[in-house]
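Asks: The structure follows.
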Amino acid sequence: MDVPMYVTTFDNTDSKISLDNIATDAPKDLSREAAEGRLSALGTEMFELQDLLWGARTHAVLIVLQGMDTSGKDGAIKNVAGFLNPRGISVVSFGVPTKEENEHDFLWRIHKHAPRRGEWTLFNRSHYEDVLVVRVENLCPESIWRERFGHIRDFEELLSEHNTIVLKFFLHISKEEQKKRLLEREQDERTAWKLNVGDWQTREKWKDYRDAYEDALRKTATGRAPWHIVPANNKWFRNLAIAEAIVETLRPYKKIWRKKLDDIGVRARGELDSYRQKRND
């Protein structure tokens, strides 16, 4: 089963994007049971890849999660990153900039959270808020936020040149599904703490946010940092699609990481043999 065929990937700024024409539901020929079985297998492989990366320390992994309110960023982190060793991952959520952050360029607070080699970082929202919320809510002039597309491309290119593997996911839900999830929050005491009138106010600007996302996706999609648009109405499929894309992206690096670990092992054995020989002299 080739899950990425159900995920729309953009990797160049010449692509034309219409989110209205991209599916938000899971494919009808895929059952939840089959998807969850596949996810479990991918989780095992993802853990193995993480372990190789941790030891080799030749690359880092940055995962960016964006989407409309209730699209499932937290759920994706819980269900996908849950397969990984906490030792080598960090999750960073970006909210309203602090006073100190506002006194720097918009990427300052982002760059300091970029992952070190050998480690993974997951962004729950990211630098893209500065071309989305800032744009729709008129928080700065258009002349400023439009320039940021180029800065974002350059920033992600810089990370890539220094061996950071950048994976960007837009969790694509329908307006109807968002309404359903907002109402479910009101009915469940366990999620009542998430209630926020601002979510409903933002929902009134659905078209504005959709247009802003289409612009951002198109203008920041590159070969080294493509966008994966994941149908996210079905949470079980969202988790599978993200895991599949991660594993397929990292799988080609396995030989590189394995060779680096083998070289480290040969060197370590040589040092150990030398030590023992000196002890026996």
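The values are calculated or read from the model by the stated rules, or taken from the named source; none is laboratory data. Everything numeric in this text was worked out from a predicted model, so none of it was measured. Cβ sites come from the backbone with ideal geometry, for glycine too, and all protein chains shown count toward neighbours.
Asks: Just give me the residues in segment 101-126 being without any contact (Cβ under 8 Å) to a residue 24 or more places away in the chain, surrounded by fewer than 17 Cβ atoms within 10 Å (Cβ to Cβ) and assigned to a helix (DSSP H, G or I), in sequence order.
Replies: Hits for segment 101-126 are Glu101, Asn102, Trp108.
Asks: Just to check your reading of the model, which residue among Val136, Val131, Val92 is touching a strand residue (DSSP E or B) at 6+ places or on another chain (Cβ under 7 Å), within 25 Å of Tyr209 (Cα to Cα) and surrounded by 14 or more Cβ atoms within 10 Å (Cβ to Cβ)?
Replies: Residue meeting the stated conditions: Val92.
Asks: Consider segment 98-130. How many of its residues are of a type outside the set (Val, Ile, Thr) and over 21 Å from Ala216 (Cα atoms)?
Replies: Residues in segment 98-130 being of a type outside the set (Val, Ile, Thr) and over 21 Å from Ala216 (Cα atoms): 14 in total.
Asks: Let me ask something additional. Take segment 175-225 and flag every residue that is among the polar types (S, T, N, Q) and under 19 Å from the mean Cα position of the chain (by Cα).
Replies: Hits for segment 175-225 are Thr220, Thr222.
Asks: If you go through segment 163-175 one residue at a time, do you hit one that is of a type in the set (Gly, Ala, Ser) and either in contact with a helix residue (DSSP H, G or I) (Cβ under 8 Å, 6 or more places away or on another chain) or more than 27 Å from Asp25 (Cβ to Cβ) (or both)?
Replies: No, segment 163-175 contains no residue that is of a type in the set (Gly, Ala, Ser) and either in contact with a helix residue (DSSP H, G or I) (Cβ under 8 Å, 6 or more places away or on another chain) or more than 27 Å from Asp25 (Cβ to Cβ) (or both).
Asks: Of the residues Pro97, Pro27, Pro86, which single one is farther than 27 Å from Ile144 by Cβ and free of Cβ contacts under 8 Å to residues at least 24 places away in the same chain?
Replies: Only one candidate passes the filter, namely Pro86.
Asks: Within segment 190-205, which residues are touching a residue at least 24 places away in the same chain (Cβ under 8 Å), assigned to a helix (DSSP H, G or I) and loosely packed, with under 15 Cβ neighbours inside 10 Å?
Replies: Selection gives nothing.
Asks: Continuing with this model, one more query. Across segment 14-53, what is the total count of residues that are outside any loop (DSSP other than H, G, I, E, B) and farther than 24 Å from Ser126 by Cα?
Replies: Of the residues in segment 14-53, 20 are outside any loop (DSSP other than H, G, I, E, B) and farther than 24 Å from Ser126 by Cα.
Asks: If I filter segment 171-191 for residues that are in contact with a Ser or Thr (Cβ under 8 Å, 6 or more places away or on another chain) and among the β-branched types (Val, Ile, Thr), do I get at least one hit?
Replies: The answer is yes; a qualifying residue exists.
Asks: Related question: Looking at Val247, Val230, can you tell me which residue is part of a helix (DSSP H, G or I) and either touching a helix residue (DSSP H, G or I) at 6+ places or on another chain (Cβ under 7 Å) or free of Cβ contacts under 8 Å to residues at least 24 places away in the same chain (or both)?
Replies: Only one candidate qualifies: Val247.
Asks: Based on what the data block shows, is Ala81 touching a strand residue (DSSP E or B) at 6+ places or on another chain (Cβ under 7 Å), part of a loop (DSSP other than H, G, I, E, B) and either of a type in the set (Phe, Trp, Tyr) or surrounded by 12 or more Cβ atoms within 10 Å (Cβ to Cβ) (or both)?
Replies: Against the criterion (touching a strand residue (DSSP E or B) at 6+ places or on another chain (Cβ under 7 Å), part of a loop (DSSP other than H, G, I, E, B) and either of a type in the set (Phe, Trp, Tyr) or surrounded by 12 or more Cβ atoms within 10 Å (Cβ to Cβ) (or both)), Ala81 does not qualify.
Asks: Right, something else. Limited to segment 206-227, what total is found for residues that are free of Cβ contacts under 8 Å to residues at least 40 places away in the same chain and part of a strand (DSSP E or B)? Walk me through how you get there before you give the answer.
Replies: First, the residues of segment 206-227 that are free of Cβ contacts under 8 Å to residues at least 40 places away in the same chain: 207, 211.
In the following step, the residues that additionally are part of a strand (DSSP E or B) were identified as none.
Of the residues in that region, 0 qualify.
Asks: Turning to a different aspect of this structure: Quick check on segment 141-189: of everything there that is in a helix (DSSP H, G or I) and hydroxyl-bearing (Ser, Thr, Tyr), which residue is surrounded by the most Cβ atoms within 10 Å (Cβ to Cβ)?
Replies: The qualifying residue surrounded by the most Cβ atoms within 10 Å (Cβ to Cβ) is Ser160.
Asks: Still on this structure, I have one more. Which residue out of Ala76, Ala60, Ala56 is at pLDDT 95 or above and within 25 Å of Asn234 (Cβ to Cβ)?
Replies: The conditions single out Ala76.
Asks: Moving to a separate point now. Applying the selection to segment 65-78, what residues are surrounded by 21 or more Cβ atoms within 10 Å (Cβ to Cβ), within 26 Å of Glu45 (Cα to Cα) and hydrophobic (A, V, I, L, M, F, W, C)?
Replies: The answer is Leu65, Ala76.
Asks: Read through the list (1) without any contact (Cβ under 8 Å) to a residue 60 or more places away in the chain; (2) more than 30 Å from Ser31 (Cα to Cα), then give the number of the only condition that Pro252 fails.
Replies: Tallying (1) without any contact (Cβ under 8 Å) to a residue 60 or more places away in the chain; (2) more than 30 Å from Ser31 (Cα to Cα), Pro252 fails exactly one: (2).
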